[in-house]
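The values are calculated or read from the model by the stated rules, or taken from the named source; none is laboratory data. This one's a predicted model, so the numbers in the text were calculated from it and none came from an experiment. FYI the Cβ positions are ideal-geometry reconstructions off the backbone, even for glycines, and counts take in every protein chain you see.
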Amino acid sequence: MDESTSKYWRKYLRIDEPIDQTFLKNFHSLNSILNPPFFFIIDMLSRSYFSAEAHGLENIPDPPYIIAPNHCSSMDQTMVTWAIGRTRRKELYTLTTKFFFDNPFARFFMKIGANVVRIDTEEDFMSALQAACKVIKLGKSIYINPEGTRSETGELLPFRPGVGVVAVETGAPIVPVYIDGTIKALPPGSLFPMPHKVRIYFDRPIRAGDLVKEQRSERAYDVYKAVTDELYERVKVLKEKVSR
Amino acid sequence: MENIDQEVKELVAKIIKRRPDEININANIFREYRVDSLLGVEILAGLDKKYNIDIPENKLKEVKTTADLIRITSELLSKKKR
């Protein structure tokens, strides 16, 4: 990869600048009060109503890491955070678009379940990437939807290369995740979930450093894209295995 | 100035993998050439490298066309000469 181009990215991402340790406080969930009863209910519903299963949890490395699942239902993030368990959940920060975060009702419910970071990928994508890098540099993990939006059909949408930028420039491994069944349990447009089996698969982490060494492109963009493409392929393979 | 126009045009073409004669300097590069925001940064990095200019982060939002890139580059080069 071209060193000078990467330097430029690091400058824009402010990777090498010191980070205010209070940065994360802005995004904390309403953990101490509402989070435990919320997940008590989610745990009961997941086990009984959705017969939910989590596979490959042993693939999740020590923090910081990037959880990158497919996205087709508004219950996806809750199911993944339920699956990883309380300890990991407390260390995880979900990147959420302003569309949801700026809605007080949606924000209240999101903050019960998770640490939530507001990002604006359309108008200010660089701030979104900076926020993701800051969280990781502070030793915490992030949850990011690489598709950028929900798939209405359950088919994978193209992955956006921002996840590749964050992985390459911070060195954080990406955990590919495939969520199966949530589109049937709570399809887009539905308000009440149906009792459908939900399965969540965590794959071996992708370490971007290995892919960077293989890339000979002059454009850093191609390296970020290669990491994102690898992630897409891994999620696709999980999907195909599950669908068989 | 004409030289810079052509050089910036060639650099944009190289980074977005097109021929220079395909680049209309007044076309919106994001819409017309399907350049995404990340490739936009790659173009700025290319200009930085070529002319040794420091393009501030806030200039990212000003860039829509190759003409914008030419203007920003020219401004920064004039400042550098002063």
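Just one of (1) of a type outside the set (Asp, Glu); (2) over 12 Å from the mean Cα position of the chain (by Cα); (3) modelled with pLDDT of 80 or more; (4) surrounded by 16 or more Cβ atoms within 10 Å (Cβ to Cβ) fails for A:Pro104. It is (4). Among the residues making up region A:41-63, those that are in a helix (DSSP H, G or I) and either more than 20 Å from A:Leu186 (Cβ to Cβ) or among the hydroxyl-bearing types (Ser, Thr, Tyr) (or both) are A:Ser46, A:Ser48, A:Tyr49, A:Leu57, A:Glu58, A:Asn59. If the condition is being surrounded by 14 or more Cβ atoms within 10 Å (Cβ to Cβ) and either touching a Ser or Thr at 6+ places or on another chain (Cβ under 6 Å) or not β-branched (Val, Ile, Thr) (or both), then region A:224-244 contributes A:Tyr224, A:Lys225, A:Ala226, A:Asp229, A:Glu230, A:Leu231, A:Tyr232, A:Arg234, A:Lys236, A:Leu238, A:Lys239.
One residue stands out among those in region B:20-47 that are in a helix (DSSP H, G or I) and more than 12 Å from chain A (Cβ to nearest Cβ): the one that is nearest to B:Val63 (Cα to Cα), which is B:Ile29. Among the residues of region A:142-158, write down those that are more than 16 Å from A:Ser73 (Cβ to Cβ) and surrounded by fewer than 24 Cβ atoms within 10 Å (Cβ to Cβ). Across region A:142-158, the qualifying residue is only A:Pro158.
Of the set (1) at pLDDT 95 or above; (2) in contact with a Pro (Cβ under 9 Å, 6 or more places away or on another chain), all apply to A:Asp180 but (2).
Please work out which residue is farthest from A:Lys25 (Cα to Cα), limiting yourself to region A:124-141 and to residues that are touching a residue at least 12 places away in the same chain (Cβ under 8 Å) and surrounded by fewer than 16 Cβ atoms within 10 Å (Cβ to Cβ). Top of the filtered list is A:Gly139.
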